[in-house]
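Worksheet: the structure to be examined is printed underneath.
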Amino acid sequence: MASTNNEASQPVNASTLHAFAPGYQPEHARISALDILKGIAVMAGLMITILYWGGFSTGMQQALTDFPGGVRYKTYATLSLLLEGKMMGLVALSFGAGIILFFVRPHMGSGLSNHDLYVRRNMWLILFGLINAFVFLWPMDILFHLGVMGLLLFPFPRMKTSWLLASVVLLLLIGSGKYYWNYHDDTTAYSEFVVADSLSKKYQARDSIQKRTDSIAAAKVNERLSPTAAPITTTVKKDSTNKKTGDTLTRKQKKQIETWEGIAKKFTWEKKKDSARIKAMQTVSYVKNWEFMTGPAKQREAQWFYTLGLWELASIMLLGMWLFKTGFFFGRYSSSQYMLTALAGIGGCLLFGWYRLHFLHEAVDNYTKYVQQRQLPHTFLKPLEIVAGVAGYASLLMFIIQRNWLQGLRSFFAETGRMALSHYLLQSLILSVFFYGYGMGNYARIGQPGLYLLAVELCILHVVFTVFWTKFYYMGPAEWLLKSLIHRKRIPNKPGAETADAAERPLQTPSMMNHD
């Protein structure tokens, strides 16, 4: 895929800029708003993922809804409303906008076109994701998904803004539809169960009557017999409508009953299963830990992604492209537009999130009753919740930038965002060693409050790492490695050295954002 005309060494021409990003200027190497969003996401996201790292399974977390008045539930619900799905969404939004940014900025000295470098970057990102999932043992990895989505969305940066927005809406509808479709499977299974169960009860009642009748008849006969005669016993009679009374359900009907009984436990906390998981993860053996975690990792990287995650990530990444093309990240909107969008987005996010958590409580309490009474799943509005939250947070950030507030804090998150990949992998490495049995073995030994405190402590570690590293290097270690692998050569990374990609330098942002 190497370029023969060394086009990457030349500035991007005007027609390419207009097609990909009208309004973008080549000298704008980085857009600090995107870095800030990534920096916030990689640190705040810890408050959600730390429960999974610490041994709180999905069932254990859902069990918190059984105590809606407790402090632990209120903390869990608040963080879920504000952060769950939204921090991953901020990363996806930045990644989507960054796709266009990658195409339009010059990548000097590689001898390859931006398209070649882009494909290489995503292939290496996929590998980084597999390492994160199957070496660092983090089954909820996002790098693999971003790499795959980057390849799938390769043609979209040239799409007109109107079509991009239409695609976002379509994907949101599909995402909600996928949740409804899964729920529809449950309701269908319940309907089949009701029919099979009613037949089972009918046959059981008839068999019971038949047994009583036979028992009475046998007793009367025994009364007429001499005391020395052997008593008469009843036998199971064959029936013209069934093979044998007492065995009336077909294999399919029995399977329907078993299927629903399994589905009905979907939101039940299975303590036995969790105990087995905890025991396996506390085992002082990397191989044993690996054997247990590969199952969830495969499910996340494959089944979840291709059934649900693809649609959620695609909608948010295309939203990032649309916002980039409309000048959202360049400060082209007015302060009032940013603020109104922030209020509408965050308000909608909280409303949709309340719907999700409220009906999750009902589902956890009694899923059979929930299916009987509710037409929609509790997750039906989840895609809208995430997109609304992401748009609201991004708009709030742009409002703060235009008002020139919190300069120091913004600068720190921008530095952290430029090293987001390094921070993310560092989190996985540290937490894997800290929690799993092959390391320090703290898996499922720390309560919910302690885990949140640990997340705060790890954020402080991120602060120290960012401050220390950026004094000596342009890029984070993982970013430097990724860049070197893409260009197939060692990229200089120290102050005073010429990098192969000038965009990695901490240059000024677009004119309306140069205070960043």
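Quick note: the coordinates plus some simple rules give every number you see, no bench work behind them. This structure is a prediction, so every number in the text was calculated from the model and none was measured. Heads up, the Cβs are rebuilt from the backbone with ideal geometry, glycines too, and the neighbour counts pull from every protein chain shown.
Remarks
- Net charge contributed by nearby residues that have their C-beta within less than 13 Å of LYS325 (K/R +1, D/E -1): +3
- The length gained on full extension between ALA302 and TRP290, counted as 0.36 nm times the residue separation minus their Cα-Cα distance, comes to 2.6 nm.
- Distance in nm between pseudo-label sites at LYS471 and LYS254 (7 Å out along the Cβ direction from Cα): 7.2 nm
- Estimated FRET transfer efficiency (VAL195, ALA276; beta-carbon r; R0 30 Å; 0.05): 0.30
- Phi angles of the range 302-315 translate, via the Karplus equation with coefficients 6.51, -1.76, 1.60 and θ = phi - 60°, into HN-Hα couplings of 10, 4, 4, 5, 7, 9, 10, x, 4, 6, 5, 5, 4, 5 Hz per residue; Gly and Pro are given as x.
- Between the range 428-500 and the range 99-174, the alpha-carbon center distance in angstrom: 22 Å
- Computed label-point distance, nm, for sites VAL135 and MET123 using a 7 Å Cα→Cβ extension: 1.8 nm
- Local net charge near LEU170, Cβ-Cβ under 14 Å (Lys/Arg +1, Asp/Glu -1): 0
- Working from label points 7 Å from Cα in the Cα-to-Cβ sense, the SER215 to LEU351 distance is 6.1 nm.
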